[in-house]
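Enquirer: Can you keep this structure in mind? I'll have questions shortly.
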Amino acid sequence: MAKHSLDLYANLRQTSNFRYSRCGRLYLTNTPEGEISLRRMFSRSTIYGEEAQLYNSEEEMRRWFPKSISTNGIWLALFSPNDVALDPIGLCQALGRRGRDHGVQIFEQCFVEEVLVDKEQKVVGVLTNQGQFETGCYVDATGIWCGTSRVSKLPAGHVIIAAHPATYTYLSTKRLPDKDIKSSTPIFTHVDEKNYLFMDESRTLCAGFTQDDFRSLSRQRILGQWTVPSPDWDKFYPTLNNLLNRCNILGETECGELVCNAESYTVDKNPVIGEIAQIQGYYVATGFNGQGLALAGGAGNLVAGLVCGETLPVDITRLEVTRFIDLHASPQYLIERVPEVAAKLFTNSYEYHQYQTARNLRTSPIYHQLKKAGAVFGEVMGYERP
């Protein structure tokens, strides 16, 4: 999906004038565990022909590091050349223009009030504030609002999705006072300190992605109305302190704006895509786990193929909306789990990784006897398996 997105955005850039730079990304580590992760990422990128490069000497790192970025303590750096920095608003406008050129109609300020379903549990239309539209397919790709459209034929009155929003915080400030910083300067991501730094000729963005940096949003009092809290400088301080140690001139810029936003996360770090089991013609595309822009183009292509009844060229079993059970959509389960999932964004998890939160949901009758005897458990579909 990411490759399809990159190709689509590059194609749109040829006919549109939005900010687009293939600057690449540098992953940094100063621990043995991080080195293993970067070498695994390098091996995988080699398989896909991505031409990534590993650097383990300061001289090699200095080819990509601006003078203001310290290399102290860095064991290994991995350069991924295909990462792109772009203007998401300009991209959406370009995509909208391309769609209109091909006959797409876009209705702005048009709110879906209800998805209409017949007796056979098939989508037959949508009711909006601008009137009723007849359709046999409805695609819900509304991010943290996915699943909040009213469906009166369902017991809950709406679709229940195993995804939940969590907040993240980032700092946006002006350009750093370093003449070496250009639009081609790569994005820096430290996999051990769990932070990233984006710099170009006009602005600087930085954020952290430790488990403490993410907070699940509270349950909705009114369906579809989430309350995103104000940003907290005290909680952001550990991330900012690490970034200042790596790039001390960050402290010389004007005080920027601390922004708190929310994204939709799933319990296994994979998106939720496909037709739901309860209603024929109701498709969802959500839970992109902080990678919405990177995967949006490819996800749209997959959903279009599903809607048109095509045989997809790839296996999407790991993305299917039907892979979850009702337990995974429990608000309490999601609230506990998603911060841990969100913190894994730039972590290359090992095979059969076991999450630590929201455990012991389903156990066998002899669970406590087994645990007392020294058994070790792994979670499978919410069940503690010895």
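The values are calculated or read from the model by the stated rules, or taken from the named source; none is laboratory data. Computed from a predicted model, the values in this text were never measured in an experiment. Quick reminder, even Gly has a Cβ in these numbers, built from the backbone with ideal geometry, and neighbours come from all protein chains shown.
Enquirer: Go through (1) at pLDDT 95 or above; (2) surrounded by 13 or more Cβ atoms within 10 Å (Cβ to Cβ); (3) outside the structural domain of Gln278 (by TED's automatic domain parsing) one by one and return the number of the condition Ser80 breaks.
Expert: Among (1) at pLDDT 95 or above; (2) surrounded by 13 or more Cβ atoms within 10 Å (Cβ to Cβ); (3) outside the structural domain of Gln278 (by TED's automatic domain parsing), Ser80 violates only (1).
Enquirer: If you scan segment 276-298, which residues turn out to be of a type in the set (A, V, I, L, M) and either within 10 Å of the chain's Cα centre (by Cα) or assigned to a helix (DSSP H, G or I) (or both)?
Expert: Hits for segment 276-298 are Leu293, Ala294, Leu295, Ala296.
For (1) without any contact (Cβ under 8 Å) to a residue 60 or more places away in the chain; (2) within 29 Å of Tyr27 (Cβ to Cβ), each residue gets a yes or a no:
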site: Asp101; (1), (2): yes, no
site: Cys110; (1), (2): yes, no
site: Ile161; (1), (2): no, no
site: Pro165; (1), (2): no, yes
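Enquirer: Within segment 14-41, which residues are without any contact (Cβ under 8 Å) to a residue 40 or more places away in the chain and either surrounded by 14 or more Cβ atoms within 10 Å (Cβ to Cβ) or in the same structural domain as Pro271 (by TED's automatic domain parsing) (or both)?
Expert: Passing the criteria: Ile36, Arg39.
Enquirer: Which residues, taken from segment 299-337, are in contact with a Leu (Cβ under 9 Å, 6 or more places away or on another chain) and in a helix (DSSP H, G or I)?
Expert: Ala299, Gly300, Asn301, Leu302, Gly305, Leu306, Leu319, Leu327, His328, Tyr333, Ile335
Here is a yes/no grid of residues against (1) acidic (Asp, Glu); (2) surrounded by 17 or more Cβ atoms within 10 Å (Cβ to Cβ); (3) without any contact (Cβ under 8 Å) to a residue 60 or more places away in the chain:
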{"position": "Ile273", "(1), (2), (3)": "no, yes, yes"}
{"position": "Leu306", "(1), (2), (3)": "no, yes, yes"}
{"position": "Thr311", "(1), (2), (3)": "no, no, yes"}
{"position": "Phe324", "(1), (2), (3)": "no, yes, no"}
{"position": "Pro339", "(1), (2), (3)": "no, yes, no"}
{"position": "Phe346", "(1), (2), (3)": "no, yes, no"}
{"position": "Thr357", "(1), (2), (3)": "no, no, yes"}
{"position": "Ile366", "(1), (2), (3)": "no, no, yes"}
{"position": "Leu370", "(1), (2), (3)": "no, no, yes"}
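Enquirer: Would it be correct to say that Pro271 is at pLDDT 90 or above and more than 30 Å from Phe324 (Cα to Cα)? Show your work before the answer.
Expert: Numbers: at pLDDT 90 or above: yes; more than 30 Å from Phe324 (Cα to Cα): no.
In short, no.
Enquirer: Which condition does Leu240 not pass, out of (1) in contact with a Cys (Cβ under 6 Å, 6 or more places away or on another chain); (2) farther than 22 Å from Ser21 by Cβ; (3) aliphatic (A, V, I, L, M), if it passes all the others?
Expert: Going through (1) in contact with a Cys (Cβ under 6 Å, 6 or more places away or on another chain); (2) farther than 22 Å from Ser21 by Cβ; (3) aliphatic (A, V, I, L, M) one by one, Leu240 breaks only (1).
Enquirer: Inside segment 334-386, can you point out the residues that are closer than 30 Å to Arg39 by Cβ and hydroxyl-bearing (Ser, Thr, Tyr)?
Expert: Within segment 334-386, Thr347, Ser349, Tyr350, Tyr352, Tyr355, Thr357 meet the criteria.
Enquirer: Continuing with this model, one more query. What tally of residues in segment 1-35 results from selecting those that are more than 26 Å from Pro88 (Cα to Cα), in a helix (DSSP H, G or I) and in contact with a strand residue (DSSP E or B) (Cβ under 9 Å, 6 or more places away or on another chain)?
Expert: So the answer is 2.
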